[in-house]
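**Student:** For reference, the structure I am asking about is given below.
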Amino acid sequence: DGSAEGDKVLINALGMAFDIYSGYAWDIVGFDFTGSGTLATGYGNSEMALYAFDTNDEKSKAVINTAAIKFKFGNESVNGTLRGGYTRLDVGTIGTSWRMNSHGYRGFEAKMSFAGFTLGYAWADQFLNEWDDKYRDFANDYTQGRISFVPVETIDYIHSIGLIYNFGPDKQAFVDSGYGEAKDYRRNAQLAVAYPFSIGEEGALVATVYGFWGKYLDELYTRGGDIENEFVYAASLDYSRPKLNAALAFAYTDGPNSGEMEMGLAPYANSDKRIFAYVNSQLDEHMWNGLKTFKLSADYD
């Protein structure tokens, strides 16, 4: 295709994983452990094996993805969970993605549920992505300091608070809100609201609206311009009945500083996003400044 050799990807790989998610001893304490290994050879960054930035090669690796202790407490009316260590996080605007294996954070999350509400807080200072073999400090560049001639600065920590409220028939309606901050780097917030409507005896319509806000804390990251507020707006209608599903949706991205909207608190490869991108393809991580996306879909069994 005429592209440079460094832009191509060729990999042969065999992946293995081992996962333990325990119950709770004495109904209080448990642990999670996941490990994975990849036997690989190739070049380019497939984002599946250990990638060497200096040589553009992919190599074999073995890594502990998760090693965390967890607690639960309370009763049916008021209950909570606490998990910490090397772990997945899912609170507010901090999320954890799965590729071949789970990404992870060094940090903790705490959640409490009561009267339809779930209140949570998460904090982390390191991240493991799929093409690395160790947890690393957050950095202001996707290379995480793994290229000697690309200077990076460490982001000391990220943290986020989230509040979810489930209500309506069978608690299927929800309001999901979150606010987060990466120290001296970026702040973001998001709000999703969904409500189901019954249409006849067998049909259901779910209306969803979603909004995301982000803002850098230093002009170093604004592509030469002043610091501006950045937004994503989205709305969708999803219709379902036996054998038939259909959807209509729209989204708009306004990210003048990022160019490619930065949905995570730390840059790509340093943290994962927790968003409700109902409109964009599940395989598409890119939401460009000015991008307008329309979706119309239907399937019939």
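The values are calculated or read from the model by the stated rules, or taken from the named source; none is laboratory data. All values reported here derive from a predicted model rather than from experimental measurement. Ideal geometry is used to build each Cβ from the backbone, glycine not excepted, and the neighbour counts take in all protein chains shown.
**Student:** Name, by its number, the condition in (1) assigned to a strand (DSSP E or B); (2) of a type outside the set (D, E, K, R); (3) surrounded by fewer than 16 Cβ atoms within 10 Å (Cβ to Cβ) that does not hold for Val206.
**Tutor:** Here Val206 clears every test but (3).
**Student:** Got a number for residues in region 101-124 being part of a loop (DSSP other than H, G, I, E, B), in contact (Cβ under 8 Å) with a residue 40 or more places away in the chain and surrounded by fewer than 16 Cβ atoms within 10 Å (Cβ to Cβ)?
**Tutor:** So the answer is 1.
**Student:** Being free of Cβ contacts under 8 Å to residues at least 60 places away in the same chain, crowded, with 17+ Cβ neighbours inside 10 Å and among the charged types (D, E, K, R): is that true of Asp32 here?
**Tutor:** Details: free of Cβ contacts under 8 Å to residues at least 60 places away in the same chain: yes; crowded, with 17+ Cβ neighbours inside 10 Å: yes; among the charged types (D, E, K, R): yes.
It is true that Asp32 is free of Cβ contacts under 8 Å to residues at least 60 places away in the same chain, crowded, with 17+ Cβ neighbours inside 10 Å and among the charged types (D, E, K, R).
**Student:** Same structure, new question: Please go through region 227-258 and pick out each residue that is surrounded by fewer than 19 Cβ atoms within 10 Å (Cβ to Cβ) and within 19 Å of the chain's Cα centre (by Cα). Full working, then the answer.
**Tutor:** The initial filter retains those residues of region 227-258 that are surrounded by fewer than 19 Cβ atoms within 10 Å (Cβ to Cβ), namely 227-229, 231, 233, 235, 237-248, 250, 252, 254, 256.
The answer is Phe231, Tyr233.
**Student:** Having 3 or more residues that are in contact with a helix residue (DSSP H, G or I) (Cβ under 8 Å, 6 or more places away or on another chain) and either free of Cβ contacts under 8 Å to residues at least 40 places away in the same chain or under 22 Å from Lys273 (Cβ atoms) (or both) is the bar; report the strands (runs of 3 or more DSSP E) wholly within region 140-199 that clear it. Talk me through it step by step, then tell me what you get.
**Tutor:** Values: elements: 158-167, 173-182, 186-199.
Result: 186-199.
**Student:** Further question: If I ask for residues that are within 28 Å of Met16 (Cα to Cα) and surrounded by fewer than 14 Cβ atoms within 10 Å (Cβ to Cβ), which ones from region 61-88 would you list?
**Tutor:** If the condition is that a residue be within 28 Å of Met16 (Cα to Cα) and surrounded by fewer than 14 Cβ atoms within 10 Å (Cβ to Cβ), then Ala62 is the only one that fits.
**Student:** Now, a different point. Considering only residues that are over 18 Å from Tyr105 (Cβ atoms) and basic (Lys, Arg), look in region 139-186 and name the one that is nearest to the chain's Cα centre (by Cα).
**Tutor:** Going through the qualifying residues, I end up with Arg146.
**Student:** Using the structure shown, decide if Tyr51 is over 30 Å from Leu82 (Cβ atoms), in contact (Cβ under 8 Å) with a residue 40 or more places away in the chain and surrounded by 14 or more Cβ atoms within 10 Å (Cβ to Cβ).
**Tutor:** Numbers: over 30 Å from Leu82 (Cβ atoms): yes; in contact (Cβ under 8 Å) with a residue 40 or more places away in the chain: yes; surrounded by 14 or more Cβ atoms within 10 Å (Cβ to Cβ): yes.
Yes.
**Student:** For region 236-258, does any single residue satisfy the condition of being in a strand (DSSP E or B) and in contact with a Gly (Cβ under 6 Å, 6 or more places away or on another chain)? It would help to see each step written out before you state the result.
**Tutor:** Filtering region 236-258 for residues in a strand (DSSP E or B) gives 236-241, 244-254.
Going one step further and asking which of them are in contact with a Gly (Cβ under 6 Å, 6 or more places away or on another chain), we end up with 241.
Checked against the condition, which is being in a strand (DSSP E or B) and in contact with a Gly (Cβ under 6 Å, 6 or more places away or on another chain), region 236-258 yields at least one hit.
**Student:** For residues in region 212-226 being of a type in the set (Gly, Ala, Ser) and at pLDDT below 95, which is surrounded by the most Cβ atoms within 10 Å (Cβ to Cβ)?
**Tutor:** Taking region 212-226 first, the residues of a type in the set (Gly, Ala, Ser) are 214, 224-225.
Right, trim to at pLDDT below 95 and you get 224-225.
Numbers: Gly224: 6, Gly225: 9.
Looking at the filtered set, the residue picked out is Gly225.
**Student:** If you don't mind, another one. Take the residues in region 76-126 that are of a type in the set (A, V, I, L, M, F, W, C) and over 18 Å from the mean Cα position of the chain (by Cα); name whichever of them is nearest to Gly214 (Cα to Cα).
**Tutor:** The qualifying residue nearest to Gly214 (Cα to Cα) is Leu119.
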